[in-house]
Amino acid sequence: RENQNDPQNRNRNRNEMPSGVLLMSPWLDPEREHPDTAKAWSDADSGDSFDYLRGVEGSLKTVADLVFGCDVDGVCDESIARCLVRGDVWDDADVAYPPVFVQYGGAEVLAAESRTFARVVNASRSSMVVELEEWADMPHVFQVFDAVAAAGGDAIASAAAFVKRC
């Protein structure tokens, strides 16, 4: 086993792609650029949603700025794509992307982003293949509730199977 603290080993594989990517309830369109994302949040505001993300909606811009490379003054790294459901982000046929497995709850407000991501990427010239796994009536990151909802444990087992395939 290589010593990961050795600088020579740490940077050796920096430019290699992973063998697979697992996303659980991903946040792919924080600025709600895509119409499907905007509609999902609008529908959630109608009162029919029980997704707990609605309760933290006021802080989401700050979180997005931190996640996507903005400093405390709001100056952002423009090289980082903030909307990952746009086709132009993935439309490079020369890049060998790994397979992507997206697992999400059907009741979460971010479900529309996962569906749109798969549709856009699978329709692009990209070699990336996106596999979706939607769990009906489950909220955002329901997998952490595996002690109280069997679906959480089943989802973790399904995610583990994807990792083993990679």
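The values are calculated or read from the model by the stated rules, or taken from the named source; none is laboratory data. Given the structure is predicted, the values throughout are model-derived calculations rather than measurements. Don't worry about glycine lacking a Cβ; one is built from the backbone with ideal geometry, like all the others, and counts go over all protein chains shown. We work out accessible area using only protein heavy atoms, side chains counted, and drop any ligands, DNA or RNA first. Shrake-Rupley method; radii C 1.70, N 1.55, O 1.52, S 1.80 Å.
Restricting attention to region 124-159, the residues that are in a helix (DSSP H, G or I) and closer than 20 Å to residue 97 by Cα total 1.
If we scan region 83-95, do we find a residue that is of a type in the set (A, V, I, L, M) and over 23 Å from residue 36 (Cβ atoms)? Full working, then the answer.
Of all residues in region 83-95, those of a type in the set (A, V, I, L, M) come to 84-85, 89, 93, 95.
Retained after the next criterion (residues that are over 23 Å from residue 36 (Cβ atoms)): 93, 95.
So far as region 83-95 goes, yes, one or more of its residues are of a type in the set (A, V, I, L, M) and over 23 Å from residue 36 (Cβ atoms).
For residue 109, the conditions (1) outside any loop (DSSP other than H, G, I, E, B); (2) touching a Lys or Arg at 6+ places or on another chain (Cβ under 9 Å) all hold with the exception of (1).
Taking the criterion of being at pLDDT below 75 and within 14 Å of residue 130 (Cβ to Cβ), no residue of region 59-86 qualifies.
Only residues that are in contact (Cβ under 8 Å) with a residue 12 or more places away in the chain and either open to solvent by 10 Å² or more (accessible area, probe 1.4 Å) or β-branched (Val, Ile, Thr) (or both) were counted in region 92-107, giving 11.
Hey, among 30, 18, 35, which residue is of a type outside the set (S, T, N, Q), at pLDDT 70 or above, surrounded by fewer than 14 Cβ atoms within 10 Å (Cβ to Cβ) and within 26 Å of residue 156 (Cβ to Cβ)? Reasoning before the result, please.
Values: 30 fails: surrounded by fewer than 14 Cβ atoms within 10 Å (Cβ to Cβ); 35 fails: within 26 Å of residue 156 (Cβ to Cβ).
Unique residue meeting the criteria: 18.
Contact map, region 28-39: first residue more than 9 Å from residue 83 (Cβ to Cβ), second residue basic (Lys, Arg), Cβ cut-off under 6 Å, separation 6 or more or different chains; pairs are 38/32. Scanning region 121-151 for residues that are open to solvent by less than 50 Å² (accessible area, probe 1.4 Å) and touching a strand residue (DSSP E or B) at 6+ places or on another chain (Cβ under 9 Å) gives 121, 128, 130, 133, 138, 139, 140, 141, 142, 143, 151.
For residue 89, state whether it is open to solvent by less than 60 Å² (accessible area, probe 1.4 Å) and at pLDDT 80 or above.
Details: open to solvent by less than 60 Å² (accessible area, probe 1.4 Å): yes; at pLDDT 80 or above: yes.
When the stated conditions are applied, residue 89 passes them.
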